Amino acid sequence: MAAPLTLLLIVAVTIRAVLFRSSWAELISERVEVVSPLNAWKRVVEGLALLDLGVSPYSGDVFHETPFMIYLFHFVVDYAEIVFMIADGITAVALYLSIQTYNKNVFRKQKYALESDRYPADCLELLRSPKEMFYIPLKVAMFYLLNPFTILSCVAKSTCGLNNAIIALFILCTLKGSALLSGILLALATYQSIYPLTLFAPALLFFLQRLYIPVNLRRSSFWFFTLQYAFIYVGSLVVITGLSFFLLGSWDFIPSVYGFIFSVPDLTPNIGLFWYFFAEMFEHFRLFFICVFQINVFFYTIPLSIKLKEHPVFLIFMQIAIISIFKSYPTVGDVALYMAFLPAWSHLYRFLRNIFLVSCVLLACSALFPVLWHLWIYAGSANSNFYYAITLLFNFGQILLVSDYFYAYLRREHHLTHGLYLKKKDGTEATLVLK
């Protein structure tokens, strides 16, 4: 599989290099769907200019990236295009290796279950074959590298691509069983944008499952490993934050980065849910609704962790999707990361109920974003309501997509336990309902 992956990387780099040299690059870098006030390249350049002048890049209200990011580009700003292409390549390879490792684990568990006769006889058609699973890692890499959302994000030089690379490496280290590297990379991802904090739960569940430690609050082994992993994570986060202070010489980055993410002061339109709502919000209600909106990202972690405690990899997918939908400044680069996982769940297609509708909605919204933006900003024949309507529809499509996969995953697991053809007590066919 090394040759197809190499060819895929060459094709992906070629597409990006051509677009970097085209007249489209500047237009793409201005698109509000592709960049946000947090990750726009122009703001990084402004921060670098302030740093070169000996002024704190956080002294104004322009730069909102982390100190690590600005010092990285302080040394490689002349090779920024190469850096972003390498980041996309690292993300794709990490996802490829992650899904490859995941498929091996799934096949091994499936083999043991078959040998111990745990599956009902009528659900053998639901089991995954090695031939079916062989090309899935390559498809995942392809879904990421050739996704128009990823390409646009790279050409715009959005720092979202670097954040995706960190999360992909975290997933790889987690699935490879390295708790130390997993905790460090998760701390780095949290340092970059806070929201990956919710990935702590699925990573912990994966390691507990790998080490055959039951999730039992009365077991000392559970608490020992939980505290051990939490210490690695929190300790790494403290060290990274401390290094940022020594690099910058002040704590100005904390309100400028994390305060900016949580308080949402910049209401530049984007593909998220925040900007229009808070543009219309009375100031004395603002704090309450900020808390309501922000809690969405974190609220689902506990119930999903309880429901999917035996399936931590699917939980990681769910959490990444929730982050990309409910974060304060989302871009299409965030959407591309969780969409890359869809080929890994190809065995769920038979149970998906709304995949055609969702695909049409997401494609139509992607096409209408620039159209309605032009009508609003340039032609003056529309207003912000039009653009926010298509934003709401796009997020509705994402929520429907994620919930459909959640339903399909649980339904397949139910069939693997109770059989494919379920009957009621009176002998008629039963229908599964997700509650």
Looking at segment 173-180, is at least one residue more than 20 Å from D88 (Cα to Cα), without any contact (Cβ under 8 Å) to a residue 24 or more places away in the chain and assigned to a loop (DSSP other than H, G, I, E, B)?
yes
State which residue is farthest from N103 (Cα to Cα) when the search covers only segment 166-184 and only residues that are of a type in the set (A, V, I, L, M, F, W, C) and open to solvent by 30 Å² or more (accessible area, probe 1.4 Å).
I184
Of everything in segment 82-93, what is open to solvent by 10 Å² or more (accessible area, probe 1.4 Å) and aliphatic (A, V, I, L, M)? Give them in sequence order.
I82, V83, M85, I86, I90, V93
For residues in segment 188-224 being of a type in the set (F, W, Y) and in contact (Cβ under 8 Å) with a residue 40 or more places away in the chain, which is nearest to I306 (Cα to Cα)?
F206
Within segment 147-160, work out how many residues are over 14 Å from I15 (Cβ atoms) and open to solvent by 10 Å² or more (accessible area, probe 1.4 Å).
1
Filter segment 130-141 for residues that are open to solvent by 30 Å² or more (accessible area, probe 1.4 Å) and touching a helix residue (DSSP H, G or I) at 6+ places or on another chain (Cβ under 9 Å); which is nearest to A94 (Cα to Cα)?
K139
Considering only residues that are open to solvent by less than 80 Å² (accessible area, probe 1.4 Å), in contact with a helix residue (DSSP H, G or I) (Cβ under 8 Å, 6 or more places away or on another chain) and either under 26 Å from Q294 (Cβ atoms) or not hydrophobic (A, V, I, L, M, F, W, C) (or both), which ones fall in segment 207-229?
Q209, P214, N216, T226, Y229
How about segment 22-45: which of its residues are small (G, A, S) and within 16 Å of E81 (Cβ to Cβ)?
S22, S23, A25, S29, A40
Taking segment 60-72 and keeping residues surrounded by fewer than 18 Cβ atoms within 10 Å (Cβ to Cβ) and not aromatic (F, W, Y) leaves G60, D61, L72
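Okay, residues lined up against (1) free of Cβ contacts under 8 Å to residues at least 40 places away in the same chain; (2) under 19 Å from the mean Cα position of the chain (by Cα):
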residue	(1), (2)
I86	yes, yes
R108	yes, no
S129	yes, no
V140	no, yes
L169	no, yes
G183	no, yes
Only one of Y102, Y96, Y144 is over 30 Å from A367 (Cα atoms) and either of a type in the set (S, T, Y) or open to solvent by 10 Å² or more (accessible area, probe 1.4 Å) (or both); which?
Y102
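Residues checked against (1) closer than 23 Å to A92 by Cβ; (2) open to solvent by 30 Å² or more (accessible area, probe 1.4 Å); (3) touching a Cys at 6+ places or on another chain (Cβ under 8 Å):
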{"residue": "R16", "(1), (2), (3)": "yes, no, yes"}
{"residue": "I28", "(1), (2), (3)": "yes, no, no"}
{"residue": "Y58", "(1), (2), (3)": "no, no, no"}
{"residue": "H74", "(1), (2), (3)": "no, yes, no"}
Helices (runs of 4 or more DSSP H) contained in segment 244-354 and holding at least 2 residues of a type outside the set (D, E) and loosely packed, with under 14 Cβ neighbours inside 10 Å
283-299, 301-307
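Okay, residues lined up against (1) under 22 Å from F143 (Cα atoms); (2) among the hydroxyl-bearing types (S, T, Y); (3) touching a residue at least 40 places away in the same chain (Cβ under 8 Å):
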residue: A279; (1), (2), (3): no, no, yes
residue: F298; (1), (2), (3): no, no, yes
residue: E310; (1), (2), (3): no, no, yes
residue: F314; (1), (2), (3): yes, no, yes
residue: A321; (1), (2), (3): yes, no, yes
residue: Y329; (1), (2), (3): no, yes, yes
residue: D334; (1), (2), (3): yes, no, yes
residue: A340; (1), (2), (3): yes, no, yes
residue: S346; (1), (2), (3): yes, yes, yes
Please verify whether segment 109-120 includes one or more residues that are surrounded by 21 or more Cβ atoms within 10 Å (Cβ to Cβ) and part of a helix (DSSP H, G or I).
no
Here's a check for you: in segment 380-403, which residue that is open to solvent by 70 Å² or more (accessible area, probe 1.4 Å) and of a type outside the set (A, V, I, L, M) is farthest from C360 (Cα to Cα)?
S381
Quickly run through segment 24-59 and pick out the residues that are assigned to a loop (DSSP other than H, G, I, E, B) and modelled with pLDDT under 90.
L53, G54, V55, S56, S59
Just the residues that are open to solvent by 30 Å² or more (accessible area, probe 1.4 Å), within 16 Å of P269 (Cβ to Cβ) and touching a residue at least 24 places away in the same chain (Cβ under 8 Å), please, taken from segment 355-379.
S366, P370, W373
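The values are calculated or read from the model by the stated rules, or taken from the named source; none is laboratory data. All values reported here derive from a predicted model rather than from experimental measurement. Neighbour counts run over all protein chains shown; Cβ positions are idealised from the backbone, glycine included. These area figures cover heavy atoms from the full protein model, side chains too; ligands, DNA and RNA do not enter into them. Shrake-Rupley method; radii C 1.70, N 1.55, O 1.52, S 1.80 Å.
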